[in-house]
Structure formats: C-alpha cells, structure tokens
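Structure, as structure tokens:
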Amino acid sequence: MKKNRAAKRILDLPPYLFAELDRAKRAMKAEGKDVIDLGVGDPDLPTPEPIIRALQRAAEDPSRHRYPSYEGLPDFRQAVARWYLRRFGVDLDPGCEVVSLIGSKEGIAHLPLACVDPGDVGLYTDPGYPVYPVSIAFAGGEAVSLPLKRENGFLLDLDAVTEETARRARILFFNYPNNPTSACADPELFQKVVSFCRRHDILACHDAAYSEIAFDGYRPPSFLAADGAREVGIEFHSLSKTFNMTGWRVGFCAGNPDAVAALGKVKTNIDSGIFEALQIAGIEALSRSEEIPGKLCEIYQARRDLVLSGLRSCGLDPFEPRATFYIWSPVPGGKASRDFCKNLLLETGVVVTPGVGFGKHGEGYFRISLTQTEDRLEEAMVRIREAAGDLW
Ligand SMILES: Cc1ncc(COP(=O)(O)O)c(C=O)c1O
C-alpha cells in the first residue's frame, strides 16, 4: 500500500483552491443557468486562416511525420531570430540561443530541472503564473515569492530581497506584461534585473507570453534588449496568446546559450520536440507578426475599455492595463477573494478568478479575463452592477 502512494513532491503540492468554485459553476450550468466565464485566460477567437492552411499543407507532407528534433527545426529557430530582430532589435544566434518549446509552459516547468539543485532557492513574482513555484519545488528547490504590490505598480522590488536569500538563489522568474496584474515593466527595471542577477550569479528567466497583446500603441520591451541580459538570462515566448494558438502548443526560449543548452538537455531526456507541421505553421504565424496581433489588440482594447468603465461604475478601482487581456481589481469591502468570487457567481452567473489562486500576495484581488465578446462582457457588467448593492 505504502509503495502505491504518490511521491512527496505530488503530496506536497498546494491544495486546489478552486474546487468549490468549479463545483458551483458546474451546478449552475447543469441547472441551465447562463454562466459567463471570465475566468480562463484562453482566447475566444479562432487561430487565423493562413496559419491553419500552413498546418494543413505541412501535415500532408510525409517527410514531416517523423520524430522532430527536441531543439526545433533550423527554419523555425531562424524565424524566431528574424522576429526578435524585427520586433526588439535583438540579434540572436538561432544555432545556440533559441530552443523550441511545446508551449512556453513546458519550458518554464522544465527549466528548474536544468539549473536548480535540491536546497537552492528559486525566486518568483507573486501574484503570478502558478507554474513558477511548482516547477522550482519539483526540482527540489525552495520557492521564495517576491511580492508585487500595487503601491509599486506591481513591479518587482529587488531591494526587498535579503542578501542571504539572494546568495542562495539560482533562478528568478519574472513576467511582464504580467499575468494576473497586467503591469508592464520599462527597460530600466530590466536593466536592474541584469545588475542584480550578475551580482548574485542568478539566472534571470523572463516570461514574455503577453508581449504582443498591448494597447494604445504601447510595445512592451524584451528583457533580452537590456545591456548584458544575454549573459545572465533567458526569455520565454509563446505563440498561444499572440496568434490565438493555445491548443497548438508552440513556444520558444531564447537567450543565454548555456542556459538554452541546459534546458535542451532536459528536453532531450523528456520530450521529442514539436510536430514539424506545427513548427511550419509557427513560422507562418511569426511571418505575420505585424498584422495578426495588431488586429487582436484592437479587439481586446475595446473590451478593456468596456470592462474598466463597467467596474468603475460599480465603485471598483481596477488597475488600468496597458497590455495583456486581464483586468486586476481589488475585491470590494476587504472580503476574501474566494468568498467574493463564489458569491458573485451565485448572484450573477459571472465567473471571475480569485486573486489568491495566483499566490498569497494575490489575496484581496480578483482577475477578469477579456476572452468573451463585447456583448457578453456588457451583459456581465450589467449583472455585476445590479448585484453590487447586495454584494459590497
Ligand atoms: C504568464 C504565463 N506564462 C506562460 C503561459 C503558458 O502559455 P503556453 O504554455 O500556452 O505557451 C501562460 C498561460 O496562461 C501565462 O499566463
């Protein structure tokens, strides 16, 4: 019996916080209630046609049916390098500074296996993508959260890291434009990260999954454009949000060649890369990097404006996003975020995500995802406004 128990790393995983909320959502749907789900960060719009066509053509070519290489086709990595140069002015060597990923989640989850030893500290921003602390823990590391606070514009405060923690740290996960807060970092912050990581010999791991979803003409910078960034760090990207390709599982990691090689070594022992036809479709997507995300951003910007004004009309004070498709708002009346979200669901049929699901420093907030049509978002805002009197 004992031998059948799950490994300690599984038993030690944090409890799933949303079980009750999921149950309530399922029950309401089963009763035929009209539930508006603003919980998941998964684009509602389809993958653009030319990308689908490229996959269809490549899938019909039998030479694409065999095992791919874990590091990605040379053509795919060259397309990534061309995109970096066009978009960020960063000139990457596709031979040793780019590795393909089966979605950026795969790379983020595997990275600590490449560079964290048991007992090492891994730093990560909180609230944040839950994979950071779990992947550090899976590698036997100690995950130490760095709080993102509204009074700092949800920006990473490296001065708050103690010397002792910094000395033990091997990696730092950070993410701008940020999920869930939507905060954006300017190049000066990235430069500070380079100095900090150089001083303490820490691998900087920037998650740029939302770099192309931005508003009002803003273009989020790349960490790799900071002076010296490639000596100390890497950057994760994803085609998921940029091209509505979450289900396709195509991403990549770029930057420091030693870190890219170490991650590649983990991958050679675990996976066999991305189906080549998907990589060909990824090349097509990257070649349309000016046209496709631009159109998506216009759609998300209109939705953002609608939800911001809707929430403000209910007396809430959401953080105004310059990027990402998320709105991060304080929970009214100082309630626990889980209780608030459950009551909101029961009263209105609108699903939003409790901030505590993104880490302990997310408590006191909730997240709205703009991945529904304007009509549905408008309907959600009407319902929330009507319920606001009772709920807060
Ligand atoms: C901040 C952040 N990073 C990475 C990912 C992973 O994206 P993918 O694995 O689809 O590339 C997500 C997905 O929601 C995310 O929010």
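Figures for the structure shown
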{"item": "In Hz, Karplus ³J(HN,Hα) per residue of segment 150-164 (6.51, -1.76, 1.60; θ = phi - 60°; x = Gly, Pro)", "result": "4, 5, 9, x, 6, 9, 4, 10, 6, 5, 7, 7, 6, 4, 5"}
{"item": "Cα gyration tensor category, rounded, prolate or oblate, for segment 1-147 with a/c compared to 1.5", "result": "oblate"}
{"item": "Scattering profile of segment 81-196 at q = 0.12 Å⁻¹ [log10 I(q)/I(0), Debye over alpha-carbon scatterers]", "result": "-0.49"}
{"item": "Under Karplus coefficients 6.51, -1.76 and 1.60, residue-wise ³J(HN,Hα) of segment 219-225 in Hz, glycine/proline x", "result": "10, x, x, 8, 4, 5, 7"}
{"item": "Rounded if a/c under 1.5, otherwise prolate or oblate - segment 1-79, Cα gyration tensor axes", "result": "oblate"}
{"item": "Net charge, V331 excluded, C-beta distance under 14 Å - Lys, Arg +1, Asp, Glu -1", "result": "+2"}
{"item": "Nearest-0.05 FRET efficiency for D12 and S309, computed from C-beta distance (R0 51 Å)", "result": "0.70"}
{"item": "Accessible surface ranking that places the most exposed of W83, W248, W392 first, with a 1.4 angstrom probe", "result": "W392, W248, W83"}
{"item": "Angle between the chain longest axis and helix 291-313 axis [Cα atoms, degrees, rounded to 10]", "result": "30 degrees"}
{"item": "Calculated diffusion of the chain, Stokes-Einstein form, Kirkwood radius summed over Cα pairs, 25 °C and 0.890 mPa s, µm²/s", "result": "112 µm²/s"}
{"item": "Over the chain: helical MRE at 222 nm, DSSP H runs n ≥ 4 each giving -39500 (n - 2.57), nearest 500", "result": "-13000 deg cm²/dmol"}
{"item": "Whole-number accessible area per residue in Å² for the chain, which is evaluated in the context of all protein chains at 1.4 Å", "result": "43 Å²"}
{"item": "Full-stretch length increase - R23, E60 - with 0.36 nm per residue and alpha-carbon distance subtracted", "result": "9.1 nm"}
{"item": "Carbon and sulfur %, accessible surface of the chain computed with the full protein complex present, 1.4 Å", "result": "51 percent"}
{"item": "Nearest 10 degrees, 0 to 90: helix 276-287 Cα axis against the chain principal axis", "result": "70 degrees"}
{"item": "Charged-residue dipole, Cβ positions (Lys, Arg, Asp, Glu), the chain about Cα centre, Debye nearest 20", "result": "1020 debye"}
{"item": "Cα Rg, Dmax, segment 276-370, angstrom units", "result": "17.0, 52"}
{"item": "Inter-label distance, nm, simple model (7 Å from Cα along the C-beta direction), D157/S145", "result": "1.5 nm"}
{"item": "Given K33/K241; K241/K265; K105/K360; K335/K360; K149/K335; K192/K295, the pairs whose alpha carbons are separated by over 24 Å", "result": "K33/K241; K241/K265; K192/K295"}
{"item": "I270-T373 FRET efficiency (beta carbon distance; Förster radius 35 Å; 0.05 resolution)", "result": "0.35"}
{"item": "Counting DSSP beta bridges with both ends in the chain, the antiparallel % (nearest 5)", "result": "45 percent"}
{"item": "Phi-based couplings in Hz for segment 174-187 (Karplus 6.51, -1.76, 1.60; Gly and Pro marked x)", "result": "9, 8, 9, x, 8, 9, x, 7, 6, 4, 10, 9, 9, x"}
{"item": "Cα-centre dipole for segment 179-251 with unit charges at Cβ (Lys and Arg positive, Asp and Glu negative), debye to 20", "result": "160 debye"}
{"item": "Other-chain or far-sequence residues with amide H under 5 Å of G103's (modelled H)", "result": "V250, G251"}
{"item": "Rounded tilt (10° steps) of 19-30 against the dominant C-alpha axis of the chain", "result": "60 degrees"}
{"item": "Positive minus negative residues near F76 (Lys, Arg vs Asp, Glu; Cβ under 14 Å)", "result": "-1"}
{"item": "Cβ-based net charge around A137, under 9 Å, with every Lys or Arg adding one and every Asp or Glu removing one", "result": "-1"}
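The values are calculated or read from the model by the stated rules, or taken from the named source; none is laboratory data. As the structure is a computational prediction, the values presented were derived from the model and not from experiment. All Cβ positions, glycine included, derive from the backbone under ideal geometry; neighbour counts span all protein chains shown. Note: areas computed on protein heavy atoms with side chains; ligands, DNA, RNA excluded. Shrake-Rupley method; radii C 1.70, N 1.55, O 1.52, S 1.80 Å.
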